[in-house]
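**Student:** Structure provided below as structure tokens; questions to follow.
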Amino acid sequence: MSDKNWNFNDRQFGQSRETQLENQTQTIIEYGFLILIVIMIAYPASGLVLSTQSWFSGLFAKGAHSVESTKNLAEQLIDASTKIHELERKLAMNELELTRLKQQSRDTSRLRSLLNLKQKSERATVAGEIVARNPDNWFEQVVVDKGTADKVTKGSAVISIAGVVGQVVSASEHSSVVRLLTDPDQKLGVLLPKLGLTGILVGDYQNSARIEYVPVGTNVDIGDKVVCLGKAGTFPDNHPVGTVAAVRRDADGASMQIDVKLSENCYDLNQVLILPPLEN
């Protein structure tokens, strides 16, 4: 009985060990399979993580580079704008200086011409400079820096190298008021040398001066010279006055009117020559 029991127990023990081995083997296989699955899943996931990390790193790097590039560009633009403004300022200053030098050159040239005219003149002359003019009567009157202390008197003729300027209407000790040839109240006896035609010139402010009551049929051409008549002893004979700009009939048709472009620009005038009236 005991032998049978022993044999039976041995069989049970063997069966139990086989069962344990089978269970252990199955467990090892299951763990191995699980580890394999984890490896298969984890490897692509790590690649994805690395790829995502690389993408974000690249995006950040590109963003940082873009910000830096924009900053550099803004600094370059600011620097260029500053340089442009500085160049514009220097250009404006150079243009002002050039304008001043040109004006100075013109004034010097006019002064030399006036001095030459003064030397050639057989009459007493006084060189003067325009020191003031009223904006309300820009084409009517100017003030010169010579007066009775320089022997300038009322009625003195005022000329330039280019042509007739006007006539002194009042004089103080050190200044005089000159009525310009562009003032309608200033009348001047003139001559058209080509025809021997005489007339009275009347100013019209910034418009052309005119000679009225010219006989119809007078053969006057555009560009004909107009000079001083000079018979009254005030203005010099044959000094330039202007040129014929147009010829037209008067409103009544009984006579013609000659428009004259003055030789001297009374708007831009600095130096003049003053001629006191001749003594009888």
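**Student:** In the structure shown, do any of 151/194; 102/146; 102/154; 151/231; 90/261 have a Cα-Cα gap over 30 Å, and if so which?
**Tutor:** 151/194; 102/154; 90/261
**Student:** Same structure again: Suppose R0 equals 41 Å. What FRET efficiency, 1/(1 + (r/R0)^6) with r the Cβ-Cβ distance, do residue 200 and residue 95 give to the nearest 0.05? Provide the component values of the computation, followed by the final result.
**Tutor:** Working: r = 44 Å, r/R0 = 1.08.
About 0.40, to the nearest 0.05.
**Student:** Can I ask one more? Can you give the extra length, in nm with one decimal, that the chain gains between residue 250 and residue 185 once fully stretched, where that is 0.36 nm per residue apart less the Cα-Cα distance? Walk me through the numbers before you get to the answer.
**Tutor:** Values: separation 65, 0.36 × 65 = 23.40 nm, distance 2.01 nm.
21.4 nm is the gain from fully extending residue 250 to residue 185.
**Student:** I'd like the FRET efficiency for residue 232 and residue 151, computed as 1/(1 + (r/R0)^6) with the beta carbon distance as r and R0 of 25 Å, rounded to 0.05.
**Tutor:** Values: r = 19 Å, r/R0 = 0.77.
Rounded to the nearest 0.05, the efficiency is 0.85.
**Student:** Follow-up. Residue separation times 0.36 nm, minus the C-alpha to C-alpha distance between residue 85 and residue 174: what's the value?
**Tutor:** Numbers: separation 89, 0.36 × 89 = 32.04 nm, distance 4.68 nm.
Stretched out fully, the residue 85 to residue 174 stretch lengthens by 27.4 nm.
**Student:** Report the net charge of residues surrounding residue 246, where surrounding means a beta-carbon distance below 10 angstrom and charges are Lys +1, Arg +1, Asp -1, Glu -1. Provide the component values of the computation, followed by the final result.
**Tutor:** Details: positive: 210, 248, 261; negative: 259.
Taking every other residue near residue 246 into account, the sum is +2.
**Student:** By average Cβ neighbour count within 10 Å, what is the ranking of 130-136, 258-264 from highest down?
**Tutor:** Ranked from most to least packed, the peptides come out as 258-264, 130-136.
**Student:** With unit charges on the beta carbon (Lys/Arg positive, Asp/Glu negative), name the residue among 272, 192, 164 whose Cα is farthest towards the positive pole of the charge dipole of the stretch 126-275.
**Tutor:** In the stretch 126-275, that residue is 192.
No lab work stands behind these numbers, since they all come straight from the coordinates. Keep in mind that this is a model prediction, so the values were computed, not measured. Cβ coordinates were reconstructed from backbone atoms using ideal geometry, including for glycine residues, and neighbour counts include every protein chain displayed.
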